[in-house]
1. On full extension of the chain, what length is gained from Asp44 through Asp198, given 0.36 nm per residue of separation minus the C-alpha to C-alpha distance?
2. Counting alpha carbon pairs within less than 8 Å and at least 6 residues apart, what relative contact order, in whole percent, applies to the chain?
3. With +1 on the Cβ of every Lys and Arg and -1 on the Cβ of every Asp and Glu, and nothing else charged, how large is the dipole of region 136-183 about its Cα centre, in debye rounded to the nearest 20?
4. Between region 31-49 and region 319-391, how far is it from one alpha carbon centroid to the other, in angstrom?
5. Charges at C-beta only: +1 for Lys and Arg, -1 for Asp and Glu. How large is the resulting dipole of the chain about its Cα centre, in Debye rounded to 20?
6. Which of His231, His58 has the fewest other C-beta atoms within 10 Å, and how do the rest follow up to the most?
7. Suppose only helical runs count, i.e. DSSP H with n ≥ 4. What mean residue ellipticity at 222 nm does that imply for the chain under -39500 (n - 2.57) per run, divided by all residues and rounded to the nearest 500 deg cm²/dmol?
8. Quick check: residue separation of Ser225 and Asn84 times 0.36 nm, minus the Cα distance between them. What number comes out in nm?
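Computed from the coordinates by the stated procedures, all read-outs in this text should not be read as laboratory data. No experiment lies behind these values; they were computed from the predicted model shown. So basically every Cβ, Gly included, is an ideal-geometry build from the backbone, and we count neighbours across all protein chains shown.
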Amino acid sequence: MSFKVNQDYLKLPGSYLFSTTGRKIREYAQAHPDQKVIKLSIGDVTQPLAPAIIDALHGAVDEMAAAETFKGYAPDLGYEFLRNAIADNDYKARGCDIAADEIFVSDGAKCDSANIQEIFSKDNKIAVCDPVYPVYVDTNVMAGRTGVYDKIGETWSDVIYMPCTKETGFAPEIPTQTPDIIYLCFPNNPTGATITKDALQEWVDYANKVGAVIIYDAAYEAYISEDNVPHTIYECEGARTCAIELRSFSKNAGFTGVRLGFTVIPKDLKDGDVMLHSLWARRHGTKYNGAPYIIQKAGEAVYSEAGKAQLKEQVAYYMKNASYIYDGLKSAGYSVSGGVNAPYIWLETPKGMGSWEFFDYLLENAQVAGTPGAGFGPSGEGYFRLTAFGSYENTVEAIERIKRM
Ligand code: MLT
C-alpha cells in the first residue's frame, strides 16, 4: 500500500451520532417486529410539503421540459430570484443590512456548517457550546484542528468547550481562553434554549474585540415565539464585521429531503484585506454546482404570501407537539426545558440514569426513540432530547406511553 488515509479521520470516536441512534432503533425494530416504535429522535420532519411549494415544484419541472425555459448549471451563488427573496424577507424586513450578493445558496445548513471551517487556517482555535450539534466538532476533527481526544472526559485538547447547564439557562458564557472561531446555535439544538438580543450583542461585541468570528447557526429561527429573541445575528450592531450566519429550509419548510439552505457572509468580514466572502465564493465556485433550479424555485415559494401562511401553520403544528411533550413530561414529574422557541425538548433523565441507558430503557419499555444527551457532548450527560417533528398522533401516543412507564 502506498496511499495513506487522512489520519485525522481515525481520531473520530465511534460513528456519527444519528447513525448510531438510527442503527440501534433499526436493530430494536427488527428484533421486535410486533411493536410500533415511535421515533422522536433525529430532527426529521414528517408533514408533507406545503401546497404552495408543491405548485412551485410542479411549475419548475414543467419549465425543465421546454427548451425555452430549460435551465442547466445554476449561478455560483444561487439564483437571484431566491437570493433577493431571502434578503428582503429574512433581513431587510427585520431592518438588517444584508445584500443579496452576500447570500450563498446551498443544499443545506448541515453541509455549510461542516464545510465553512475550510476557509480558516488549521491553527485557529474553535469554541463550541457543550452540548453541541456534533457536526461542528466532527468536521474540525476531520480537518485536524482539534488536538487529542480524551476518552474519559470525551473532550478534545484543542477545543474550547462552553458548558451550557441548567445553572446558566443552557446558555454559554464567554470563555476564559480566547477562541478564534465561535460556534453558536440559537434557538439551540439540542437544548431548545435561546438567548436574548442583549446577550447575543455581548457575543458580537466580544468577537469584534478579540478578533474572533462567530458562526451563527439559525436553522431553527422559524420556531421563535417569544419577543426579544433575535431571529438573526445581524440584528446586533457590529455583526457584519464578525459573523457568518447559516440558515436552512429543512425545519421551517420541511425540506429535509428536498435540500436547501444558505450562508450569509457580509463583505465587511475580513482578515486584513481578505474578505471571507471571497474565499467562500472561491470555494463555492470550485467545489459546488449549486442547488437545483427546481429546488430553488420551491425555496422562492417559501416567501410567497401563500407559502408564508401555510408554513406558519406547519410550524404551529410542530409547536403544538412541543407543548404536548413539554406539558406531558412535566406533569409526569420530569424536569424539562426547551420546546417554547424550538422544536426540541430537553429533559433530565430520571433517577440519575445515564443518557444512553435511558435511550435503551425508553426503547425497551415505551418503544419511544429519542437522542441521548451525551451524544452532544459531556455536559449532555444526564439529559435526553425529544423532537416535536413527529405526527401529532404519534407524539400523543409516545407521551402517554412514557407516562405509563
Ligand atoms: C438533529 O436531529 O439534530 C438534526 O436533524 C440534525 C440536522 O438537521 O442535521
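1. Numbers: separation 154, 0.36 × 154 = 55.44 nm, distance 3.12 nm.
Difference between extended and current length: 52.3 nm.
2. On the way: 768 pairs, mean separation 93.9, N = 405.
After rounding, I find 23 percent.
3. Details: 3 positive and 7 negative charges, 11 e Å.
The dipole of region 136-183 has a size of about 60 debye.
4. Centre-to-centre distance over Cα atoms comes out at 15 Å.
5. 860 debye
6. Working: His231 18, His58 13.
Listed from fewest to most nearby Cβ atoms, that is His58, His231.
7. So the calculated ellipticity at 222 nm is -11000 deg cm²/dmol.
8. Details: separation 141, 0.36 × 141 = 50.76 nm, distance 2.54 nm.
Length gained between Ser225 and Asn84: 48.2 nm.
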